[in-house]
Amino acid sequence: MNTLKILITGGAGFIGSHVVRRFVNKYPNYEIYNLDALTYAGNLENLRDVEGAANYHFIKGDIKDIPFINSIFEKHQFDAVIHLAAESHVDRSITEPNAFIETNVLGTANLLNAFRSIWKDHFEGKQFYHISTDEVYGSLGETGLFTEETPYDPQSPYAASKAASDHLVRAYGNTYKLPFKISNCSNNYGPNQFPEKLLPLFIHNIKNQKSLPVYGDGKYTRDWLHVIDHASAIDTIFHSGKNTETYNIGGLNEWTNIDLIQLLCEQMDEKLKSPKGTAAQLITFVKDRAGHDKRYAIDASKIERELGWKPKMTFEEGLSQTIDWYLENTDWLVNVTSGAYQAYYQKMYEGR
Ligand code: NAD
Ligand code: TYD
């Protein structure tokens with residue numbers, strides 16, 4: 001097997017940590033460099049089990065910092081990049097859009113420029129794999145699915161910043177023949193997700209008997225995929241995907257928010273040994289998210305047909321394991337929800 005030096009950006013975050021773990025453990029002949037700025041969403045505790053591995057290296061740094069990014073590319077001569085670092089939360093993008101433009105758009109451009117510059121546009125055996133989201137396609141009505149051909153129509157500053165980064169990657173592919181792949185994935189769930197996103201936030205709130213702030217009427221639909229299935233799809237695309245191709249990744253697992261929350265409440269009552277209906281009493285309908293996308297749903301037939309990938313985890317099993325993980329890892333939750341998180345929570349939810 002080839003030896004490769006792979007830069008994984010955002011490896012201390014939710015999805016990135018699962019990707020780093022998979023690559024470090026499965027490919028001991030690869031040198032894995034995890035570059036992360038350790039923003040509020042990045043946490044090295046997510047990777048405690050691999051930090052001693054001989055093929056794992058952590059680099060603390062910011063993809064917005066051009067001289068720093070250039071210096072690490074020159075020093076390590078990465079053969080491949082798997083780019084996950086991003087500002088990732090839609091609600092934050094509504095209150096602080098510039099942070100999203102700076103990291104997601106300019107940060108991606110900095111990585112592309114550094115990759116070009118070390119290989120001097122001779123890219124034999126190299127690849128830049130950009131991890132994106134289904135939110136670039138906008139919002140669906142009652143029917144239909146996002147395919148790889150769906151025109152981009154991003155509706156939130158987060159989605160627009162990811163769409164812009166996707167366009168940049170394709171433009172560098174076209175202009176400089178930089179070898180790239182892009183995947184656009186649906187909503188992920190699982191261990192290590194920062195509790196600002198729906199599922200970990202609601203698990204945390206149920207445990208602490210806090211209200212469950214459901215935006216609008218709760219009839220918004222998302223397609224949920226377990227993070228370990230996403231990491232396996234990334235592995236498949238990295239190794240078998242075709243240069244310049246895009247792959248949609250999804251769970252064929254659509255839920256309206258309110259149905260998902262009801263299911264979560266039922267499972268939480270069972271696990272916490274509370275009388276039936278206890279958690280559901282915490283459901284509170286609050287002011288809607290501005291510009292809230294109605295429905296996301298992925299057609300993942302291309303990756304299944306061409307690369308033989310499909311999700312392995314059933315939703316019942318995945319959700320139950322996810323709840324167990326958050327209930328067992330109380331130290332993790334306490335650490336990530338202290339300090340700055342409290343201020344964020346007040347700002348985002350007070351007066352809603
Ligand atoms: P996350 O917010 O949990 O993690 C992002 C990581 O990037 C953190 O570790 C953070 O410290 C790091 N980071 C942020 N800004 C940085 C900067 N300027 N320089 C270096 N590091 C920085 O996000 P996630 O949910 O794990 O998402 C990872 C990627 O997957 C993102 O690109 C996101 O757009 C994409 N994605 C996420 C989902 C989802 O449901 N979470 C779905 C599809 C695609
Ligand atoms: P989220 O986890 O933020 O992911 P995304 O916006 O990227 O899909 O939200 C998932 C859905 O849950 C979305 O329709 C918004 C909704 N939501 C709530 O109703 N209340 C909340 O407190 C949060 C965070 C999300």
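Details
- Put in line by how crowded their Cβ is, counting other Cβ atoms within 10 Å and starting with the fewest, H239, H76 read H239, H76.
- Rel. contact order, % - alpha carbon contacts under 8 angstrom, at least six apart, region 25-168: 24 percent
- Candidate cross-link partners of K276 among the aspartates and glutamates, defined by an alpha-carbon separation under 15 Å and a same-chain spacing of 8 or more, comprise E266.
- When each of K64/K126; K126/K181; K181/K310; K120/K177 is checked by Cα-Cα distance, pairs over 20 Å: K64/K126
- In the chain, helices alone account for a calculated mean residue ellipticity at 222 nm of -12500 deg cm²/dmol, with every DSSP H run of four or more residues adding -39,500 (n - 2.57).
- Taking a straight line from the alpha carbon of K273, these aspartates and glutamates sit under 18 Å away, with near neighbours fewer than eight places off in the same chain left out: D324, E328.
- Mean separation of Cα contacts under 8 Å (6+ apart) over length of the chain, as relative contact order %: 17 percent
- Among the listed pairs K162/K287; K60/K294; K5/K207; K60/K347; K219/K312, those whose Cα-Cα separation exceeds 32 Å are K60/K294; K5/K207.
- For the chain, DSSP calls about 10 percent of its internal beta bridges antiparallel.
- Modelled FRET efficiency - R0 35 Å, Y152 with E45, Cβ distances, 0.05 increments: 0.50
- Taking Cα atoms only, the orientation of helix 198-207 departs from the longest principal axis of the chain by about 40 degrees.
- Most mobile listed residue (N104, N205, N34) in the chain, GNM with C-alpha springs under 10 Å: N205
Only the coordinates and a few stated rules stand behind these numbers; no lab work does. Keep in mind it's a predicted model, so treat the numbers as computed, not measured. Note that each Cβ is placed from the backbone with ideal geometry, even for glycine, and that neighbours are counted across all protein chains shown.
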